[in-house]
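> Sending over a structure as structure tokens; questions will come in a sec.
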Amino acid sequence: MPSINSGFWKNKKVFITGHTGFKGSWLSLWLVKLGAKVTGYALNPPTSPSLFKLLRLKNDISSIMGDVRNLRFIKAEMKKAGPDIVIHMAAQPIVRESYKLPVETYGTNIMGTVNVLESVRGCGSVKVFLNVTTDKVYENKELGKSFKESEPLGGYDPYSSSKACSEIVTSAYRSSFFNPILYRVHGVAVSTARAGNVIGGGDWAPDRLIPDFFRAVLSGKNILIRNPSATRPWQHVLDPLNGYLTLIEAMYNNGSRYSGAWNFGPFKNDAKSVKWVIDNICKKWGGGVEYYVVNNVQPHESEFLKLNCSKSQKLLKWYPKWNINEAILKVVEWIKAYEAGVDERELCERQIKEYASWKMV
């Protein structure tokens, strides 16, 4: 498995939307460590505490507070930054929240994508655009199958369907304005990346399993879980980020050959139920933690999700490094160190270094 090429990223100008979120903060830090020049565009951090603030990233990057629904502003800021690479991560990312705020969810996830792509069209420096979506973009008929990139898109809830629409928007812009056949004319490679359920230290988002565990153990309360039998492709946050960086380098160096949709999920045996994951987190924590199942009626969420990542494995030589047991261990290590007062930036930098040097057996 090839390692991230730090020489490639040195002094590359990278524009990230959603840099104040959980994944965006981890990615921004990793890019800073690789020597990239990062400009972030996002709303204020969505949670308190905030990983973005704890990592003190404002000292390392150009951080712009803005809404992706504001076309005029993001277009001007992107042009000013003059990036080589644009990574679109800004979104309303919570399924349950999308039931409460469907208009905001569709506005951010669909028109936000349109506005970022329009900004790319107006910025002549861009060579690579990557839209980060989700494993939930597929039409899921609960047949227990692993989804390939060629499977039909769908989405039961506002979040899932809005991200499927974001995929369709990206595909339409690629065909209409950044057609791979005409790459020599426009010079922009356009792709989407579909990851599984990411876990990692520093996530305080509402209505997600690991943050709920995080909050419970730090406050001395029991954990409440929904849908214990729901199966998801769990993975440590660094695995899909590694996939994004690997894909972007291939797109930059090889142009339209790598344009398209890509899955970045765990090995098939790491798709586990919510109950399996929480049992193992509690075990690795070392006792003193209990959970209860919420029995009241819950909004619909997919029961089974699994990704087929053979395309990424074959063409990019990308494989997940940390299996589900190692991913859970890294989360527990992070939370325990955080609880002990260890500096959060030191924690993240240490895990990034461990991940980068990890040798697959």
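The values are calculated or read from the model by the stated rules, or taken from the named source; none is laboratory data. Note that the structure is predicted; figures quoted are calculated from it, not measured. With ideal geometry, Cβ positions are generated from the backbone for all residues, glycine too; neighbour counts draw on all protein chains shown.
> Determine whether Ser28 is within 25 Å of Trp318 (Cα to Cα), small (Gly, Ala, Ser) and either surrounded by 23 or more Cβ atoms within 10 Å (Cβ to Cβ) or under 20 Å from the mean Cα position of the chain (by Cα) (or both).
Criteria met by Ser28.
> Within the range 161-195, how many residues turn out to be aromatic (Phe, Trp, Tyr), crowded, with 22+ Cβ neighbours inside 10 Å and not in a helix (DSSP H, G or I)?
Residues in the range 161-195 being aromatic (Phe, Trp, Tyr), crowded, with 22+ Cβ neighbours inside 10 Å and not in a helix (DSSP H, G or I): 1 in total.
> Conditions: (1) free of Cβ contacts under 8 Å to residues at least 24 places away in the same chain; (2) part of a helix (DSSP H, G or I). Glu151 meets all but one. Number of the miss?
Here Glu151 meets the rest and fails (2).
> When you look at Ala356, is it among the small types (Gly, Ala, Ser), part of a helix (DSSP H, G or I), in contact (Cβ under 8 Å) with a residue 12 or more places away in the chain and within 14 Å of Gly200 (Cβ to Cβ), yes or no?
Here the answer is no, as Ala356 does not meet what is asked.
> Report yes if Leu224 is of a type in the set (A, V, I, L, M), part of a helix (DSSP H, G or I), closer than 27 Å to Asp157 by Cβ and touching a Phe, Trp or Tyr at 6+ places or on another chain (Cβ under 7 Å), otherwise no.
No, not satisfied.
> Moving to a separate point now. Go through the range 243-275 and count every residue that is within 22 Å of Glu354 (Cα to Cα), out of contact with any strand residue (DSSP E or B) (no Cβ under 8 Å at 6 or more places or on another chain) and assigned to a helix (DSSP H, G or I).
Residues meeting the conditions: 3.
> Looking only at residues in the range 233-269 that are surrounded by fewer than 21 Cβ atoms within 10 Å (Cβ to Cβ) and among the charged types (D, E, K, R), which one is nearest to Val217 (Cα to Cα)?
The selected residue is Lys268.
> Now, a different point. Which ones in the range 44-54 are within 18 Å of the chain's Cα centre (by Cα) and hydrophobic (A, V, I, L, M, F, W, C)?
Residues satisfying the conditions are Leu51, Phe52.
> Same structure, new question: Examine the range 188-196 for a residue that is at pLDDT below 95 and either closer than 18 Å to Thr108 by Cβ or not aliphatic (A, V, I, L, M) (or both), and state whether such a residue exists.
The answer is yes, given that some residue of the range 188-196 is at pLDDT below 95 and either closer than 18 Å to Thr108 by Cβ or not aliphatic (A, V, I, L, M) (or both).
> Restricting the search to the range 7-46, which residues are assigned to a loop (DSSP other than H, G, I, E, B) and either more than 16 Å from Met89 (Cα to Cα) or in contact with a His (Cβ under 9 Å, 6 or more places away or on another chain) (or both)?
Of everything in the range 7-46, those that are assigned to a loop (DSSP other than H, G, I, E, B) and either more than 16 Å from Met89 (Cα to Cα) or in contact with a His (Cβ under 9 Å, 6 or more places away or on another chain) (or both) turn out to be Lys10, Asn11, Lys12, Gly18, Gly35, Ala36.
> Related question: If you check Asp212, Asp207, which single one turns out to be surrounded by fewer than 16 Cβ atoms within 10 Å (Cβ to Cβ) and under 19 Å from the mean Cα position of the chain (by Cα)?
The match here is Asp207.
> Separate question: Just give me the residues in the range 312-344 being surrounded by 15 or more Cβ atoms within 10 Å (Cβ to Cβ), among the basic types (Lys, Arg) and touching a residue at least 60 places away in the same chain (Cβ under 8 Å), in sequence order.
Lys321, Lys330 - these are the residues of the range 312-344 that are surrounded by 15 or more Cβ atoms within 10 Å (Cβ to Cβ), among the basic types (Lys, Arg) and touching a residue at least 60 places away in the same chain (Cβ under 8 Å).
> If you go through the range 80-96 one residue at a time, do you hit one that is in contact (Cβ under 8 Å) with a residue 24 or more places away in the chain, buried (at least 24 other Cβ atoms within 10 Å of the Cβ) and part of a helix (DSSP H, G or I)?
No, that holds for no residue.
> Specify which of the listed residues (Ser125, Ser119, Ser146, Ser176) is of a type in the set (S, T, N, Q) and within 24 Å of Leu307 (Cβ to Cβ).
The unique qualifying residue is Ser146.
> Mind listing just one residue for me: the one in the range 122-160 that is among the acidic types (Asp, Glu) and over 21 Å from Tyr258 (Cβ atoms) and, of those, surrounded by the fewest Cβ atoms within 10 Å (Cβ to Cβ)?
By that ranking, first place goes to Glu142.
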